[in-house]
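We did not get these values from a lab; they are worked out from the coordinates using the rules stated. Model, not experiment: these values are computed from the prediction. Here the Cβ positions follow ideal geometry from the backbone for every residue, glycine too, while neighbour counts run over all protein chains shown.
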Amino acid sequence: MLSTYMKNEITGDVKQIEKGFNWKVFLFGWIYLFIVGDFVSGLVLLFFDSVLAGMTAVAQSEYFIYFILGIYAAHGWSAFDFHKSYIKILEKKDYKEIEV
């Protein structure tokens, strides 16, 4: 899997960001996003999950699967797009991309 390396010029800390699908975001969703500091994406995903979960609770059985698929789709989209937003978060914290 391809990786990008980011280094903080002040502290010397180096972080490896794997490009592609992120299973942690797909499985744990907004909880993982809050842990890594992506609060905006985490709040959006939490809101979306809450709305669809509420609809699932009151839905008739024939529509239940569509709400569940909507939750999977939202987590999948967030998992594919995670590395782009995480790089932006690190750039705000004075990280620069380095060649390894």
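The calculated FRET efficiency for SER3 paired with LYS84, based on their beta-carbon distance and R0 = 25 Å, is about 0.95.
Residues within the reach of a label modelled at VAL40 (point 7 angstrom out along Cα to beta-carbon, backbone nitrogen below 11 Å), restricted to the range 56-89, are 85-86, 88-89. Applying both filters, DSSP loop and at most 16 other Cβ atoms within 10 Å, to the chymotrypsin sites (Phe, Trp or Tyr not before Pro) of the range 40-76 gives TYR63. A simple spin-label model places the labels of VAL100 and LYS15 1.4 nm from each other, with each point 7 Å out along Cα-to-Cβ. Ignoring the sites themselves, what is the longest stretch of the chain with no trypsin sites (Lys or Arg not before Pro) in a DSSP loop and at most 15 other beta-carbon atoms within 10 Å? Longest stretch, sites excluded: 20-92. In loop segments of the range 27-100 as defined by DSSP, the GluC sites (Glu not before Pro) with at most 15 further C-beta atoms inside 10 Å of their C-beta are GLU62, GLU99. Ordering ILE31, ILE10 by the number of other Cβ atoms within 10 Å of each residue's own Cβ, fewest first, gives ILE10, ILE31. As a proxy for reagent exposure, LEU52, LEU27, LEU2 were ordered by neighbouring Cβ count within 10 angstrom, fewest first; the result is LEU2, LEU27, LEU52.
The magnitude of the dipole of the chain, with charges of +1 and -1 set on the Cβ of Lys/Arg and Asp/Glu and taken from the Cα centre, is near 100 debye.
A simple rule links phi to the HN-Hα coupling: the Karplus curve 6.51 cos²θ - 1.76 cosθ + 1.60 with θ = phi - 60°, which for the range 92-99 gives 5, 9, 6, 8, 10, 6, 10, 9 Hz, with x for Gly and Pro.
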